[in-house]
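Encoded as structure tokens, the structure appears first; notes follow it.
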Amino acid sequence: IKHPLQNIWTLWYYENDRNRSWEENQREITSFDTVEDFWGLYNHIKAASELRQGCDYSLFKKGVRPMWEDEANKHGGRWLINLEKKQRTLDLDNFWLEILLCLIGEAFDEYSDDVCGAVVNIRNKGDKIGVWTADASRGQSVMEIGRRLKERLNIPQKVIIGYQIHKDTMNKSGSVTKNTYTI
Ligand code: M7G
């Protein structure tokens with residue numbers, strides 16, 4: 001028998017098609033709930049670094065859409081890792097795989113229930129990885145998730161990452177969103 005995961009996870013793929021809305025461009029690929037099915041999927045799809053500019057992968061708990069508007073995300077926010085251009089070849093795929101393993105392995109222990117999913121954005125101006133949590137007002141949970149994330153990705157202490165509330169991101173398209181937490 002296969003090794004069951006704690007949760008069922010859904011992979012989403014976003015590709016920019018100007019004739020469709022942002023929401024319509026989010027495509028649900030498949031769901032899985034075993035270790036073996038995760039690797040089957042992972043080995044079968046393109047690495048994040050091979051996607052075209054403007055594309056995203058998202059992995060969310062089944063039933064949660066990778067959108068601010070979803071019931072599970074609307075009070076939440078994300079820990080955001082902004083990558084430099086050169087990190088696409090150096091770090092992007094390693095970071096993304098490590099985050100996928102953190103999600104499906106429930107690496108945030110008692111705070112794992114607060115994790116909704118993660119998104120990788122492939123962008124010309126610099127790729128981004130976000131880990132989305134359910135409730136920005138749960139400070140202890142948000143900070144503990146951020147601390148572990150940084151630890152698992154081996155991000156040096158001196159490199160500061162920020163947590164942004166989705167409502168702030170939503171209302172501030174274009175320029176930078178303020179950090180509500182940093183670690
Ligand atoms: P992005 O793809 O997160 O980052 O947002 P980018 O600016 O680096 O490309 C780009 C645009 O996509 C936003 O300004 C929104 O118009 C749209 N968008 C992104 N997200 C995450 C959402 C979302 O959750 N809901 C909706 N309705 N639009 C979104």
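The values are calculated or read from the model by the stated rules, or taken from the named source; none is laboratory data. Here the structure is a predicted model, which means the values were calculated and not measured. As a convention, Cβ positions derive from the backbone with ideal geometry for all residues, glycine included, and neighbour counts pool all protein chains shown. What goes into the accessible areas is simple: the full protein's heavy atoms, side chains included, and nothing from ligands, DNA or RNA. Shrake-Rupley method; radii C 1.70, N 1.55, O 1.52, S 1.80 Å.
In the context of the full set of protein chains, the range 1-98 has a per residue accessible area of 60 Å² (1.4 Å probe). Treating only the Cα positions of the range 33-121 as identical point scatterers, give the base-10 log of I(q)/I(0) from the Debye formula at each q in 0.15, 0.18, 0.23 Å⁻¹. The Debye formula, applied to the Cα set alone, gives -0.63, -0.92, -1.39.
With a cap of 16 neighbouring Cβ atoms within 10 Å, and only residues DSSP puts in a loop, list the GluC sites (Glu not before Pro) found in the range 95-137. The partial results should precede the final answer.
Numbers: sites: GLU98, GLU106, GLU110; in loops: GLU106.
Passing both the DSSP loop test and the Cβ count: GLU106.
Remark on the chain: hydrodynamic radius 16.6 angstrom, per the Kirkwood mean of 1/r across alpha carbon pairs.
Applying a DSSP loop filter and a limit of 16 other Cβ atoms within 10 Å to the trypsin sites (Lys or Arg not before Pro) in the range 1-78 leaves LYS2, ARG18, ARG20, LYS46, ARG52, LYS62, LYS74. Charge dipole (Cα centre; +1 on Lys/Arg Cβ, -1 on Asp/Glu Cβ; no other charges) of the range 102-148 amounts to roughly 440 debye.
Taking 7 Å steps out from each Cα toward its Cβ at ASN171 and LEU101 produces label points 4.0 nm apart. For the range 95-106, the Karplus equation 6.51 cos²θ - 1.76 cosθ + 1.60, evaluated at θ = phi - 60°, returns couplings of 4, 5, 4, 4, 5, 4, 5, 4, 5, 5, x, 6 Hz by residue, with Gly and Pro reported as x. Taking +1 at the Cβ of each Lys and Arg and -1 at the Cβ of each Asp and Glu, which of PHE95, VAL115, LEU41 sits farthest along the dipole of the range 41-165 towards its positive end, judged by Cα position relative to the Cα centre? Value: PHE95. Each Cα pair under 8 Å and six or more residues apart adds its sequence gap; the mean of these over the residue count of the range 23-105 is a relative contact order of 26 percent.
Taking the range 66-84 and a reference point 7 angstrom along Cα→Cβ of ASP135, the backbone N atoms nearer than 13 Å belong to 72-77.
When you restrict to C-alpha pairs under 8 Å that are six or more residues apart and normalise by the size of the range 66-141, the relative contact order lands at 45 percent. Remark: the range 12-91 carries a charge dipole of roughly 320 debye about the Cα centre, counting +1 on each Lys and Arg Cβ and -1 on each Asp and Glu Cβ. Were the residues from LYS178 through SER31 laid out at 0.36 nm apart, the gain over their Cα-Cα distance would be 49.6 nm. When the Gaussian network model of the chain links Cα atoms closer than 10 Å, the mean-square fluctuations of VAL159, VAL131, VAL142 top out at VAL159. Put a plus charge on the Cβ of each Lys and Arg, a minus charge on the Cβ of each Asp and Glu, and nothing anywhere else: the dipole of the chain about its Cα centre is then about 820 debye. Let's test the formula: R0 of 22 Å, r as the Cβ-Cβ distance of TRP39 and ARG123. What FRET efficiency results, to the nearest 0.05? In this case the efficiency is close to 0.20. For the cross-link pairs LYS86/LYS167; LYS62/LYS128; LYS46/LYS178; LYS62/LYS85; LYS61/LYS167, which exceed 26 Å when the distance is taken from alpha carbon to alpha carbon? Beyond 26 Å: LYS86/LYS167; LYS46/LYS178; LYS62/LYS85.
Between GLN6 and ASN82, what is the label-point separation in nm under the 7 Å Cα-to-beta-carbon projection? The modelled label-to-label distance comes out at 3.1 nm.
Rounded to 0.05, the FRET efficiency of the ARG147 and ASN19 pair, given R0 = 25 Å and the Cβ-Cβ distance, is 0.05.
I need to check one value: relative contact order of the chain, counting alpha carbon pairs closer than 8 Å and at least 6 residues apart, in percent. RCO, the chain: 23 percent.
For the chain, set up a GNM with springs between Cα atoms under 10 Å and report which of ASN43, ASN121, ASN73 has the largest fluctuation. Fluctuation is largest for ASN43.
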